[in-house]
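The values are calculated or read from the model by the stated rules, or taken from the named source; none is laboratory data. The structure presented is a predicted model; accordingly, all values stated were derived computationally and were not measured. Note that each Cβ is placed from the backbone with ideal geometry, even for glycine, and that neighbours are counted across all protein chains shown. Accessible surface is based on the protein model in full, side chains and every heavy atom, while ligands, DNA and RNA are left aside. Shrake-Rupley method; radii C 1.70, N 1.55, O 1.52, S 1.80 Å.
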Amino acid sequence: MTELHHLLRIVGSRGQRIAAVLQRASSEPAPRPLVVIAPAFEHSIRNSFVIARYLLAQGFDVLRYDACNHVGLSDGSILDFTLDSALTDLCDVVRFARRDLGASCVSLVATSLAGRVALRAASQLAGELACIGSIACVVDVRGTVGAAAALDCVGEWLDGRVRDPERTWKVVKNHVKYAFCRDAIASGWHTLASTLKDSVAAKAIPFFDVHGEHDPWVETADVLALAASSPSVEVVVLRDAVHELNAATSRLALCHLVQNVVAHAQGRKLEIAEIHELRWAELVAFNKRERVWERTPVEEWELYARGVAGREARGDGPTLAIKEQDRA
Amino acid sequence: MTSLLEAVPSARKPVPGNVQFVGGLHPLDELVFQQENVFATTGVALSELRLSLIREAFEYHYEACPPYRRYCEVAGVSPLDVRAYDDLFRIPLLPTSLFKKKELVSVAPADIAKVCLSSGTQGGQSRVSRDQRSLERLLGSVRQGLSVLDREVDRERHVFVLGPDTDEARDLWFSYVLSIVDFLHPTDFYVRGDCFEPAALLRDLAALPPGPQPLLVGPPFLFVELAAAARELGLRVNLAEREGMIITAGGWKRHQGQALSRESLDELVVTGLGVARTHIRDTFNMVELNSVLFECEAGAKHVPPWLFATARDATSLSPLAPGAEGLLAYCDPLATSYPCFILTDDVGRVSADQRCACGRFGNSITISRRVARVEARGCALKLDRSLSQQRTETA
């Protein structure tokens, strides 16, 4: 099987450049369903290569990107990360996929904090998304961020203990400004209730989440509340699993995710047993290739500044000059 | 104002129609992949954990690997004989030399993901077949081991491997293990076409952007070369200012003639590469073992709780008291594709389960030397011969 990939930069609606990797499941020019993969907090394009491979194997094109003001190759520093900026990027990338790549339909896969962003994006992208698949979706931003950072930073801003938005706090590996907390509160991201509200608003788009039963950062009760909030939400709870997927939990999680996305985006019923699981040799080879992409200077990624955010919205954009590479 | 939660009374109750519970983790996978501090388990809980994991692995390989089962029958031990902790000492051990002669597998050939070869330092190469689960668990043990190097497991790091990448490493186990570290952290490799490129490593190290902690990993003899290259190039390397670490692995192998004592090697790299003495660590693994052991800041090579390590009398193979010197043996349940109940050529000690100065609990190993000749292993050799005889009879 031949696989095609393209390293590109999309100029977003705020003028920042979003680094993205487009992988095409086939060299056939026919429009295909596409999945946009939004990065989890502190994750970059490489972190989702296994999910991408599962989706490519089912005939999806896959577009992964690095968020702006975040780790990875997009513009901006993670110090300035906010959920609003993550939302803007996500919407920009989905619209790019819809209008410039000629995808027949677009689905969204988002993990962890990006899952929360995806829930809000759903109401802004009504009619543009086939479905949203999530893993370890964050449903109570204040609780999750507080647990991950071992610091109730949102609470600190809420009760006025911190007033300086330039002051920073450490999430897991990286520092972020308190502006994150200020904006999360101002835009209504930070509570479980706000998530449920977004879920109700997004009821036209099927939303699926794989949740780890022992996730120390996301309460199962909160995820069940999300499931109860809208008939369009489906949840699979992985027994014993935690927030981060690992070799022992990823296979089942990804199979359920892919099964759901295929059902909604392709109208096809797929049995778990039919799903291609990556072999070790494939994992090694793909990981190596991803490292090469990660190290390709971003200046060499093709800048693609058209059509984003409706400025030149159209579905007849030129086909990207894609590079061909034999699949390992 | 009524909150949404209040408005939806069933919001915190499971909704059977759109929620399903699936899966479940094996306790060993939970331990290897998810437990934050595997060295926190103590006392009876630790013994029970080891007994449970190793007994189950023994039962599995006894059923799944007919040659090993016959070997056990010759030794007169079956899973029914392993009930209490002390019974773990009865599990029949395979001399590592056996892997040079016979491929032992507990899975179907189609499930073999990688055939791993030893360096053949002592004549002949061991061949160990690993399935995907064994390889993934090995990587899990490496990730857990990183917590022994540095309690901040998820720290941003950049790894400089004094070895080849996966393509060049091919089936050679030592190189391969080093190469798959690339799954965990961005990694560069500095052996290309069998040539070590110390100047390239030193150049890249100097150019490493601020942020990631540099980890230099490789066999000790290449660190000697690296320090010499830094000196020849007139470079003043200061790993300490970035909390850089030097991790040695694989021993001196064919370079025994140049072998330095640990103290001398440490002195050399402290001087030549500017690393803090506390940031020089050794690791232990061998092709027949599916776990990697890491040295802590107090200098102890910690045995993870799933691994049963013992020292054995070289003649009788009887287990020795903690701290006594003997042949090192391991029962490693991480391997699913072959019975990893092995008696090695290494002479060393296994400490009692105890609280280390670093705060971790469990036992640790010290390796003194290797036995010169496989034939010195008395009962092990007898068992080996009995198996060979059985093979002949079966054939």
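Using a simple spin-label model with pseudo-atoms 7 Å out from Cα toward Cβ, A:Ser77 and B:Glu197 lie 3.3 nm apart. Only beta bridges with both residues in chain B are counted; by DSSP, about 65 percent of them are antiparallel. With a Förster radius of 45 Å applied to the C-beta separation of A:Arg167 and A:Arg295, the computed FRET efficiency comes to 0.85.
Comparing B:Gly251, A:Ser26, A:Ala225 along the charge dipole axis of the protein assembly as shown, the residue lying farthest to the positive side is B:Gly251, per the Cβ-charge model. With both labels modelled 7 Å from their Cα along Cα-to-Cβ, the A:Arg239 to B:Tyr60 distance reads 1.7 nm.
For the pair the range A:63-119 and the range B:294-311, the centres of their Cα atoms are 44 angstrom apart.
With contacts taken as Cα pairs under 8 Å and at least 6 residues apart, chain A reaches a relative contact order of 23 percent. Solvent-accessible area of the range B:237-308 (1.4 angstrom probe, protein heavy atoms only): carbon and sulfur portion equals 50 percent. A Förster radius of 41 Å, combined with the Cβ-Cβ distance separating B:Glu152 from A:Ser123, puts the computed FRET efficiency at roughly 0.60. Springs between alpha-carbon atoms under 10 Å, Gaussian network over chain B: tell me which of B:Gly193, B:Gly124, B:Gly250 tops the mean-square fluctuations. Answer for the Gaussian network model of chain B: B:Gly193.
Which shape class applies to the protein assembly as shown: rounded if a/c is under 1.5, otherwise prolate when a/b exceeds b/c and oblate if not, where a ≥ b ≥ c are the square roots of the Cα gyration tensor eigenvalues? It comes out prolate by the Cα gyration axes.
An oblate overall shape is assigned to the range B:71-156, the ratio a/c of its alpha-carbon gyration tensor axes (a ≥ b ≥ c) being 1.5 or greater and a/b not exceeding b/c.
In whole Å, how far is the Cα centre of the range B:72-115 from that of the range A:206-254? With the range B:72-115 and the range A:206-254 each reduced to a Cα centre, they are spaced 38 Å. Placing +1 on each Lys and Arg Cβ and -1 on each Asp and Glu Cβ, with no other charges, gives chain B a dipole about its Cα centre of roughly 720 debye. Taking 7 Å steps out from each Cα toward its Cβ at B:Arg70 and A:Ser187 produces label points 6.8 nm apart. Taking every DSSP beta bridge that has both ends in chain A, the antiparallel portion is near 40%.
Compute the helix-to-body angle for A:113-124: its Cα long axis versus the longest principal axis of chain A, expressed 0 to 90° and rounded to tens. Relative to chain A, helix A:113-124 is tipped by roughly 80 degrees. Peptide B:125-132 has a mean shielding of 1, counted as Cβ atoms of other protein chains within 10 Å of each residue's Cβ.
Expressed to the nearest 5 percent, the antiparallel share of DSSP beta bridges inside the protein assembly as shown is 50 percent.
Would you compute, from DSSP H runs of 4+ residues alone, the mean residue ellipticity of chain B at 222 nm, taking -39500 (n - 2.57) per run and dividing by the full residue count, rounded to the nearest 500?
-9000 deg cm²/dmol
Size descriptors for the range B:60-203: radius of gyration and Dmax over Cα atoms are 18.9, 59 Å.
Just flag the trypsin sites (Lys or Arg not before Pro) in the range B:176-266 sitting in loop per DSSP whose Cβ has no more than 13 other Cβ atoms within 10 Å. Counting only loop positions with at most 13 other Cβ atoms within 10 Å, the trypsin sites (Lys or Arg not before Pro) in the range B:176-266 are B:Arg236. Loop-located trypsin sites (Lys or Arg not before Pro) across the range A:235-291 with a Cβ neighbour count of 13 or fewer within 10 Å are A:Arg268, A:Lys269, A:Arg279, with loop assigned by DSSP. When you filter the GluC sites (Glu not before Pro) in the range A:262-293 for DSSP loop state and at most 12 other Cβ atoms inside 10 Å of their Cβ, you are left with A:Glu271. Of the residues A:Ala285, B:Phe21, B:Ala45, the one whose Cα sits farthest towards the positive end of the charge dipole of the protein assembly as shown is A:Ala285 (charges of +1 on Lys and Arg Cβ, -1 on Asp and Glu Cβ, taken about the Cα centre). Is the shape of chain B best called rounded, prolate or oblate, per the rule: a/c under 1.5 gives rounded, else a/b larger than b/c gives prolate, else oblate, with a ≥ b ≥ c the square roots of the Cα gyration tensor eigenvalues? Here chain B falls in the oblate category. Of interest is the spacing of the C-alpha centroids, which for the range B:196-273 and the range A:1-61 amounts to 39 Å. Between B:Arg369 and B:Thr315, what is the FRET efficiency for a Förster distance of 22 Å, r being their Cβ-Cβ separation, to the nearest 0.05? Given R0 = 22 Å and the Cβ-Cβ separation, E is 0.80. Be a star and scan the range B:174-207 for residues whose amide nitrogen sits under 13 Å from the point 7 Å along the Cα-to-Cβ vector of B:Glu243. The answer is none, because no backbone nitrogen lies closer than 13 Å to the label point.
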